[in-house]
Structure formats: C-alpha cells, structure tokens
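S.K.: My questions all concern the structure below.
The values are calculated or read from the model by the stated rules, or taken from the named source; none is laboratory data. Quick caveat, the model's predicted, so the values are computed rather than measured. Note that each Cβ is placed from the backbone with ideal geometry, even for glycine, and that neighbours are counted across all protein chains shown.
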C-alpha cells in the first residue's frame, strides 16, 4: 500500500497528521487527547473515563440519539477508550463517510455536560466499578498499582473509586475538561483514503476557535514501593499473584527489547512461565507483560492457581526470573521478533490500525515515526540487547501482591 505522510499544526496547537493511502478502500479518524488517569487530581480520580462517557451524551445542539444514529447511518465502526495516559475517540468508515465521521467526533468533543446526563451517567460508572470489584484479578491489580506508586497519580485507577466518582460534581468535571481537552493537548490522526486538505478545512471550521491552555503533565514517576503484601477475600476460591517492576518508558530505545523480554518470560505460548507452570499443571494462568508509558514503564508478572500452591508458584516464578538472562537464545528471540514484526505489519494493513499507531506515536512521543522505521528498530534487537534490559530492569525488583480465600 502506497502511503504519503502529511501534517499541519493549527494556530491553537491542534496537530493534524495523516498517512494517506489513495488505494485503500476505507478511512479512519481518531482524536487523541493527552490526558488520562495519571493527570487527574486525586479528588476527581476517574474523571477522564467519566468524561469519555459524557462525550456521547450530546452537545448543546446535537442530542445523544442523533450522534448514535449518525454513526449508524454511516455504517461506521466507532468507539472510544481511556487509559492512564490518553483518551481517544475514533471512527473507521468508508471514504465517503469520512467528512461526516470527522465532523461528528469534533462536535462531540465540545459536550453540553448537562447535570441530568451527569447524574444518570454517574450511576453507570458506579455500576461498572462494582462489576470490576467482583473480579479478583482486577481487585488485586488495582491495589498493587495503587501501592506501587504510594497512592500517587501514576497509580490512579482509570475508572476511579466508588468514593471519588460518587463525590464528583459536574463543575469539577467541567474544570478538568476546560483545562485538559485543549487543542494543544490533542492530535487528530487520519489514515486511508483521505482527502487531507478537505479534512483539514473541516477540522479548522470546527476546532480552530478552541482555546489553548498550555496544560502539561508532570512526567517524573513517583517513588516506587517494593516488597510484598497479601489480601484475603472470602468470595474467592483461587490464589492470585501479581508482581510489578520498573521497565523502560515509551520514549526509551530499549522498548522493543523490553517487549521481547516479557514475551520470553511469560508470553502466551512457549515461554519460560508457560513451560514451568502451565505445562506442569502447577498454575492455571501464568504470564508476563510490558507496559511502556511516558518516561516510565512497567513489567508485570501474573499467575493464578490452587491457593495452597501459591507459594510453590511464586518460587517457580522467582527461579525462572533468576535464570532468565542466561536462558535467552538468539533462535528463541528470532521467532519472537518475527512474530512481533508480523503483528505490527498486519495491524497496519488496515487504515484503522495505521490511524491508531499514528495517533499513539504522536501523543506519546511527540514526533512521527514511520512504520518502516519502527519495523527496522524492532528487527535490530539482539539477544545482547534483551539481556541488557534484563540487567537494567530486574523483574523481581518488584512489589508483589497476593490474594487468597479468607
């Protein structure tokens, strides 16, 4: 697929970036906002996710049902997500629906924030929080992250808590929205069969008057806790274990090596933890993962099984971590590298995948990286690179949390 990169920054700081592919049969647009749970004052923890919901409740002149009907009429695949670091609203549609989809999202991003909608949606959020509270893994994960960062913002829960959401007011949400949903904190990513100049004119009409605020994130990670803690719950009948350790940030050139290292230790198939715990029948689940963030990253190790065997599971994990560095072989790495290259390439075959990659790269790195550059960077990772990450970021320099039946 032939792709041309185009970019413009409006006077108010809104960046519009596109990977234009005239031969594509579809088009995608995403509005990425550089704000998430780590940017929230603790008293309004969960406001970013709450706001994501409120964007679909309508504007002063466009009711919620009209938004939903308009996307349905386009046959668009549209949605939104909130993370610790960003919020995104997106649509994937046929080329002839691109103007309408872009206009709809731009209009949504200036919501009415009516008190009636705010109160109704609060109950939806509280029900969502209650639903996750019934998931033992999620309860342990959130507690581990919270303790890892000593209750600082980087450990904020994306959904918030029952107390923070329950006490939140519409005026608090509006103040956060006014500060953080500013054009100089946004990127509009376009991909596929896109008329770039036409999209820019449309976005200017809707967004050029939005005022910049200069909102910034404090990227410095807080002090991290290590050690261990235990939780009990009379409702669970399995044992759960989660360890969280430092890893390279998203801007770190070692990020690809870190991702491969996590796969070596605890990928879904043919990993050290899979063979040591799943294939032996000692654990029901065992995996590790890498989460790169702004100026900081995390390695996760997770396992579950018979609560009476949780100590044995932990010891096996520690043994695998101790032997991890010296067990890394170039042949193993070549297979994982090929798998990662294939996944990255396949994700970029569709305009929606290119749009997501483009928006995330600009939002997190503040620059454009071509797909070829990213593929080349991944392909260059060697076993020595992975071992160096293992040395610099020990998996077991962690905070380890466990949960058992009471």
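S.K.: Among the residues of the stretch 252-269, which ones are touching a residue at least 60 places away in the same chain (Cβ under 8 Å) and either more than 19 Å from the chain's Cα centre (by Cα) or farther than 21 Å from residue 145 by Cβ (or both)?
M.R.: First pass over the stretch 252-269, keeping only residues touching a residue at least 60 places away in the same chain (Cβ under 8 Å): 253-254, 256-261, 263-265, 267.
Scanning the stretch 252-269 gives 253, 254, 256, 257, 260, 261, 263, 264, 265, 267.
S.K.: Is it the case that some residue within the stretch 212-231 is on the phi < 0 side of the Ramachandran plot and assigned to a helix (DSSP H, G or I)?
M.R.: Of the stretch 212-231, the ones on the phi < 0 side of the Ramachandran plot are 212-213, 215-226, 228-231.
Filter once more, so that each one left must be assigned to a helix (DSSP H, G or I): none.
Within the stretch 212-231 (the criterion being on the phi < 0 side of the Ramachandran plot and assigned to a helix (DSSP H, G or I)), the answer is no, since none of the residues qualifies.
S.K.: Would you check if residue 249 is under 29 Å from residue 304 (Cα atoms), at pLDDT 95 or above, buried (at least 20 other Cβ atoms within 10 Å of the Cβ) and assigned by TED's automatic domain parsing to the domain that holds residue 373?
M.R.: no
S.K.: If you go through the stretch 286-304 one residue at a time, how many are farther than 22 Å from residue 340 by Cα and in contact with a strand residue (DSSP E or B) (Cβ under 6 Å, 6 or more places away or on another chain)?
M.R.: The qualifying residues number 2.
S.K.: Right, another one. Just to verify a result, which residue in the stretch 341-370, among those that are in contact (Cβ under 8 Å) with a residue 40 or more places away in the chain and more than 18 Å from the chain's Cα centre (by Cα), is surrounded by the fewest Cβ atoms within 10 Å (Cβ to Cβ)?
M.R.: 349
S.K.: Of 324, 277, which residue is in contact (Cβ under 8 Å) with a residue 12 or more places away in the chain, touching a strand residue (DSSP E or B) at 6+ places or on another chain (Cβ under 9 Å) and crowded, with 16+ Cβ neighbours inside 10 Å? Full working, then the answer.
M.R.: Working: 324 fails: touching a strand residue (DSSP E or B) at 6+ places or on another chain (Cβ under 9 Å).
Criteria check complete, one pass: 277.
S.K.: Any chance the stretch 124-144 includes a residue that's at pLDDT 95 or above, more than 22 Å from residue 233 (Cβ to Cβ) and assigned to a loop (DSSP other than H, G, I, E, B)?
M.R.: no
S.K.: Could you check the stretch 185-203 and list, in sequence order, the residues that are in a helix (DSSP H, G or I) and either out of contact with any strand residue (DSSP E or B) (no Cβ under 9 Å at 6 or more places or on another chain) or more than 22 Å from residue 367 (Cα to Cα) (or both)?
M.R.: Narrowing the stretch 185-203 to residues in a helix (DSSP H, G or I): 185, 196-203.
Answer for the stretch 185-203, where residues must be in a helix (DSSP H, G or I) and either out of contact with any strand residue (DSSP E or B) (no Cβ under 9 Å at 6 or more places or on another chain) or more than 22 Å from residue 367 (Cα to Cα) (or both): 198, 201, 202.
S.K.: Sticking with this one: What is the number of the single condition among (1) touching a residue at least 60 places away in the same chain (Cβ under 8 Å); (2) touching a helix residue (DSSP H, G or I) at 6+ places or on another chain (Cβ under 7 Å); (3) surrounded by fewer than 18 Cβ atoms within 10 Å (Cβ to Cβ) that residue 170 does not meet?
M.R.: Condition (1) is where residue 170 drops out.
S.K.: Please give the number of the condition residue 110 fails out of (1) touching a residue at least 40 places away in the same chain (Cβ under 8 Å); (2) more than 29 Å from residue 307 (Cβ to Cβ); (3) in a helix (DSSP H, G or I).
M.R.: Here residue 110 clears every test but (3).
S.K.: Still on this structure, I have one more. When you check residue 157 against the structure, is it in contact with a helix residue (DSSP H, G or I) (Cβ under 9 Å, 6 or more places away or on another chain), outside any helix (DSSP H, G or I) and without any contact (Cβ under 8 Å) to a residue 60 or more places away in the chain, yes or no? Explain how you work it out, then say what you get.
M.R.: Values: in contact with a helix residue (DSSP H, G or I) (Cβ under 9 Å, 6 or more places away or on another chain): yes; outside any helix (DSSP H, G or I): yes; without any contact (Cβ under 8 Å) to a residue 60 or more places away in the chain: no.
Against the criterion (in contact with a helix residue (DSSP H, G or I) (Cβ under 9 Å, 6 or more places away or on another chain), outside any helix (DSSP H, G or I) and without any contact (Cβ under 8 Å) to a residue 60 or more places away in the chain), residue 157 does not qualify.
S.K.: Of everything in the stretch 91-107, what is touching a residue at least 60 places away in the same chain (Cβ under 8 Å), over 14 Å from residue 190 (Cβ atoms) and buried (at least 17 other Cβ atoms within 10 Å of the Cβ)? Give them in sequence order.
M.R.: 107
S.K.: Quick one: residue 294 ticks every box in (1) at pLDDT below 95; (2) within 30 Å of residue 186 (Cβ to Cβ) except a single one, so which number is it?
M.R.: (1)
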